[in-house]
1. Would you please give the residues with an amide H less than 5 Å from that of T226, counting only those at least 5 places away or on a separate chain, with H modeled from the backbone geometry?
2. Using the beta-carbon distance between E305 and D93 and R0 = 41 Å, what value does 1/(1 + (r/R0)^6) give for FRET efficiency, to the nearest 0.05?
3. Any chance you could run the full-extension gain for S327 through M237? It's 0.36 nm times the residue separation minus the Cα-Cα distance, nm to one decimal.
4. Roughly speaking, what is the centre-to-centre gap between region 188-219 and region 263-294 when only Cα atoms are used, to the nearest Å?
5. Of I144, I283, I231, which is the most mobile in a GNM of the chain whose springs link Cα atoms less than 10 angstrom apart?
6. What whole-number value in cubic angstrom gives the convex hull volume per residue for the C-alpha atoms of the chain?
7. How high is the FRET efficiency between N12 and R169 when r is their beta carbon distance and R₀ equals 51 Å, given to the nearest 0.05?
8. Do the sum for the chain: with -39,500 (n - 2.57) for every DSSP H run of n ≥ 4, divided by all residues, what is the mean residue ellipticity at 222 nm, to the nearest 500 deg cm²/dmol?
Amino acid sequence: MSSITEDVSIENLSSLQTLPDSFTWKHTAADSVLPPSSAAVKESIPIINLSDPDVTTLLGNACKTWGAFQIANHGVPQKLLDDIESLSKTFFDMPSERKLEAASSDKGASGYGEPRISTFFEKKMWSEGMTIADGSYRNQFLKIWPRDYTKYCRLVEEYKGEMEKLASRLLSSILGSLGVTVDDIEWAHKAKNSGSKMGSSVIRLNHYPVCPEPERAMGLAAHTDTCLLTILHQSNMGGLQVFKKESGWVTVEPIPGVLVVNIGDLFHILSNGKFHSVVHRAIVNQTRSRISVAYLWGGPAGDVEISPISKIAGPVGPCLYRPVTWSEYLRIKFEVFDKALDAIRVVNPTN
Ligand SMILES: C=C1C[C@]23C[C@@]1(O)CC[C@H]2[C@@]12CCC[C@@](C)(C(=O)O1)[C@H]2[C@@H]3C(=O)O
Ligand SMILES: O=C(O)CCC(=O)C(=O)O
Ligand SMILES: [Fe+2]
């Protein structure tokens with residue numbers, strides 16, 4: 001039974017011995033975070049070697065069937081993954097008062113705090129996070145790490161650079177599976193020709209402390225990401241689950257050095273509904289804390305509109321969605337949450 005009823009803040013989760021009422025979720029059978037019965041076949045999202053000669057087909061199939069996959073041979077140095085993970089650990093291991101010095105001024109901005117989606121749920125999530133959204137994270141790093149500030153800012157910039165390269169490479173390959181190229185997208189074509197970066201992105205460091213009653217808690221509630229795609233580095237502790245209509249919640253087992261990729265809402269729009277943004281969540285456990293580092297890639301820098309690729313929609317076929325910038329879509333998402341795609345749909349898919 002939960003005995004603590006007072007308001008508990010996320011920065012103190014690690015010290016709690018019982019699950020406070022405000023963190024106790026009433027999971028239905030379909031939502032259960034308990035492992036499925038042993039009779040159930042253990043499914044998993046595809047693991048794709050990016051050096052495979054069939055990579056385009058494999059990526060295309062994974063995007064259609066799952067909206068998520070794992071990638072090996074991605075070219076991101078292991079040391080960089082280890083370093084960003086240890087930066088995260090250093091941050092979350094700090095005393096609450098120091099973490100709060102980096103608190104975000106509002107839910108979408110850089111800084112420490114609850115997940116932005118928390119406003120849509122009655123109960124609190126068993127996690128804390130640090131959003132690294134734009135240049136403003138530097139002021140927060142300076143406050144909390146006056147001595148290591150330069151080192152950590154450099155690390156974040158290097159991480160962003162590598163992730164952006166990987167994201168652009170994935171975009172090209174995935175588009176290939178739809179029979180189009182980056183030249184069919186005005187913003188991607190421009191970026192390619194000018195050699196400029198396709199750099200609107202956010203990094204979210206997530207920490208899921210050990211939980212006294214994991215089966216009644218929720219680390220990060222079910223959601224889709226708003227961006228084009230998310231590249232997730234999860235520590236060697238599992239917790240990420242993706243939802244598949246036919247199978248329910250499927251756990252993504254961590255594999256050292258392998259990254260997870262999720263299709264986000266903007267890719268659903270870009271592909272004119274061919275790929276679905278995957279619903280996913282993070283569950284927690286009673287034995288070990290967990291860290292994940294999510295790189296959410298919005299594609300073009302600046303306020304550039306993303307719309308269905310006309311070649312995919314077909315010369316006469318309908319475009320299912322109106323053009324939208326990432327920032328406008330974020331505004332809509334955080335007003336209507338899981339109805340955001342419906343809010344920008346212009347054609348009913350059954351028409
Ligand atoms: C740009 C953003 C994407 C994000 C909301 C945010 O404003 C900042 C953090 C992102 C994140 C990370 C955790 C899950 C998520 C749904 C959330 O609550 O905050 C995503 C948001 C998203 O993809 O829309
Ligand atoms: O921690 C995880 O495994 C999932 C994180 C996530 O979904 C996110 O940051 O958007
Ligand atoms: Fe997510």
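1. The list, which skips near neighbours in sequence, is D265.
2. Efficiency, rounded to the nearest 0.05: 0.50.
3. Taking S327 through M237 to full extension adds about 29.2 nm, to one decimal.
4. Using only Cα atoms, the two centres lie 9 Å from each other.
5. Per the Cα network of the chain with a 10 Å cutoff, I144 tops the list.
6. It comes to 143 Å³ per residue, whole-number rounded.
7. Given R0 = 51 Å and the Cβ-Cβ separation, E is 0.80.
8. Calculated mean residue ellipticity at 222 nm is -8500 deg cm²/dmol.
Just so you know, all these numbers are worked out from the coordinates, no wet-lab data involved. Because the structure is a prediction, the values reported are computed rather than measured. When we count neighbours, we look across all protein chains shown, and the Cβ atoms used for this are built from the backbone with ideal geometry, even at glycine.
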